[in-house]
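J.: Following this message is one structure expressed as C-alpha cells.
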Amino acid sequence: MPRVKRGTKRRAKRKKILDRASGYFLTKSKLYRSAKEAVERGLKFAYSGRKQRKRQYRSLWIVRIGAASKLNGLSYNQFIHGLKVAGVELDRKILADLAVKDAPAFKTLVEQAKGALA
C-alpha cells in the first residue's frame, strides 16, 4: 500500500479551524487543539441559537399582540380565539406587524373577533 503524507490536507484543515477561531481569547485563537474545542463549542451554541431565535420571536409577537388587543378591550387569548371562530387565518407574525404598524387594521380585526365571540 502506498504511503500517505497528508501535508496539504492537514494544513488546510487546521487553517480552516484557526480561521474560524480568529477573534477568540488567548490560546483559543492560536493553538490548534484549544481552537478546535472552542470552535466546536461555538458551533454547538450557534445551532441551538438558531432554534432559540424562532422561540424568542414568537414570544415577542405574542407580547405585541397581547398589548395591542388589551388597548382595544380584549385579552390575548380571547382575541386569538375570536379570530379562530371568525375564520381569520393570520399568523402571529402578521398580527404583530399589524399591531405595531397599522393600528386601524388591527382594530378592525379586534372588532371581528368580538363579533365572533358574541
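The values are calculated or read from the model by the stated rules, or taken from the named source; none is laboratory data. Source: prediction; values computed, not measured. Note that we place each Cβ from the backbone using ideal geometry, even for glycine, and neighbour counts take in every protein chain shown.
J.: Which numbered condition trips up VAL63, out of (1) aliphatic (A, V, I, L, M); (2) in contact with a Leu (Cβ under 8 Å, 6 or more places away or on another chain); (3) exposed (fewer than 15 other Cβ atoms within 10 Å of the Cβ)?
T.: (2)
J.: Starting from residues that are of a type in the set (D, E, K, R) and loosely packed, with under 13 Cβ neighbours inside 10 Å, keep the ones in the range 71-92 and report whichever is farthest from ALA118 (Cα to Cα).
T.: Within the range 71-92, the match that is farthest from ALA118 (Cα to Cα) is ASP91.
J.: Quick one: would you say VAL100 is over 16 Å from TRP61 (Cα atoms) and touching a helix residue (DSSP H, G or I) at 6+ places or on another chain (Cβ under 7 Å)?
T.: no
J.: Which residue pairs have Cβ atoms under 8 Å apart, sit 6 or more places apart or on different chains, and have a first residue in the range 50-70 that is within 19 Å of LEU83 (Cα to Cα) and a second that is of a type in the set (Lys, Arg) and in a helix (DSSP H, G or I)?
T.: Listed by first residue and then by second, the contacts come to ARG58/ARG92; TRP61/ARG92; TRP61/LYS93; ILE62/ARG92; ILE65/ARG92.
J.: Working only within the range 12-30, note down all residues that are surrounded by 14 or more Cβ atoms within 10 Å (Cβ to Cβ) and either in contact (Cβ under 8 Å) with a residue 60 or more places away in the chain or not in a helix (DSSP H, G or I) (or both).
T.: Listed by number, the residues that qualify are ALA21, TYR24.
J.: Please pick out the residue among VAL88, VAL63, VAL4 that is of a type outside the set (Ser, Thr, Tyr), under 30 Å from GLU111 (Cβ atoms) and in a loop (DSSP other than H, G, I, E, B).
T.: Answer to the selection: VAL88.
J.: State whether one or more residues within the range 49-60 are in a helix (DSSP H, G or I), over 30 Å from LEU90 (Cβ atoms) and at pLDDT 95 or above.
T.: The answer is no; no qualifying residue exists.
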